[in-house]
């Protein structure tokens, strides 16, 4: 028994260590590389056979994520997001209205189009706008990151961890949304209130500004219409109960059938390292499950009373901040599936793992995307600047979410 257990544990710990810190000091390996290396070592050391490694990969999750990335890439290339940003700009005559517009736009788009992608496209648009208005850009950029996390709670397609949970739990898209959309909505309202309170001089001092004339957005009308129509059709099929992964990849494939966009431009927008990391993590976690998680071990962990919503939410939130939310979800999988009500437990994990991403600047990939894109635009978001809003926001929204699901 110890023969496969020792390498499985060492490989697991080494992989999760690199994922937790982002990269290995002194080496070029990143999270995706660590996950892939860990997966291959599980096979090389005989913890899993190659067939078991293939079987461990949840292709529904990979397919769903790939399909949604293609859809978002087409929406971006068509100029859809620039049109949305211009519309919000033209209607905002007060900093508080602009904040609310940014939060609601980022939150709603993230619910259906993957929060990481929304941060990628919205950050430069928001930064350009607030700099032309001569406002402090930091609270508006915080709004993009925090609202994208909060809004993505609402649906299976909101973020990568929800995609995994949707695939593992088989909870219908409509039911998932009905349970978690109220939490997402409340979290978006709390986001607006907290940012406005922390930055009172910016939002509550009574200062107005003349609506700045938005730059004429560059967009391709036919492609924008086609992309939006296919996206709306996909969402309709999601709620109608069709398999989410199938709908997403069919929608993405249809958008590749075009005379207007070179496929290379779409492929460039796909986050291939994220897909590689998912594949590797599925195999690494499967190796640990096979070698270490015996029924006795699972029963011991079960003594933590994971059926309790507050306890499961707390453990999920802490674990998500230690190793990131996607790895946390995969670690919790064998324990959640053995609970008396796994569907409710999965909803708690989805809520807590997502909202926990708002706790610190490094709590989610969405936060890091906003920080990096802001830095390239000459704006620095410090850890402490983020934390003074993110920490209370996370604690309040986790409490609201736990109360609602309990």
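Regarding the range 348-358, can at least one residue be identified that is buried (at least 18 other Cβ atoms within 10 Å of the Cβ), more than 26 Å from residue 289 (Cβ to Cβ) and within 15 Å of the chain's Cα centre (by Cα)? Yes: the range 348-358 contains one or more residues that are buried (at least 18 other Cβ atoms within 10 Å of the Cβ), more than 26 Å from residue 289 (Cβ to Cβ) and within 15 Å of the chain's Cα centre (by Cα). Within this structure, residue 302 fails the test of being touching a helix residue (DSSP H, G or I) at 6+ places or on another chain (Cβ under 8 Å), surrounded by fewer than 19 Cβ atoms within 10 Å (Cβ to Cβ) and at pLDDT 90 or above. Within the range 183-197, the set of residues being closer than 24 Å to residue 245 by Cα and either surrounded by fewer than 19 Cβ atoms within 10 Å (Cβ to Cβ) or out of contact with any helix residue (DSSP H, G or I) (no Cβ under 6 Å at 6 or more places or on another chain) (or both) is empty. Considering 10, 24, 48, the condition of being farther than 30 Å from residue 255 by Cβ and crowded, with 18+ Cβ neighbours inside 10 Å is satisfied by 48 alone.
Taking the range 185-267 and the helices (runs of 4 or more DSSP H) fully enclosed by it, the elements with 2 or more residues that are out of contact with any strand residue (DSSP E or B) (no Cβ under 8 Å at 6 or more places or on another chain) and either closer than 23 Å to residue 82 by Cβ or at pLDDT 90 or above (or both) are at 221-240, 244-256. Of the residues contained in the range 176-188, none is found to be touching a residue at least 40 places away in the same chain (Cβ under 8 Å), over 13 Å from the mean Cα position of the chain (by Cα) and under 21 Å from residue 270 (Cα atoms).
For the range 1-119, the helices (runs of 4 or more DSSP H) that sit wholly inside it and include 3 or more residues that are closer than 30 Å to residue 237 by Cβ, touching a helix residue (DSSP H, G or I) at 6+ places or on another chain (Cβ under 7 Å) and touching a residue at least 12 places away in the same chain (Cβ under 8 Å) are 59-78, 80-90, 95-113.
Of note, residue 316 does not satisfy the criterion of being surrounded by fewer than 14 Cβ atoms within 10 Å (Cβ to Cβ), under 23 Å from the mean Cα position of the chain (by Cα) and either under 30 Å from residue 6 (Cβ atoms) or modelled with pLDDT under 85 (or both).
The values are calculated or read from the model by the stated rules, or taken from the named source; none is laboratory data. Everything numeric here is computed off the predicted structure, so don't read it as measured data. Positions of Cβ are generated from backbone atoms using ideal geometry, with glycine treated the same way; all protein chains shown enter the neighbour counts.
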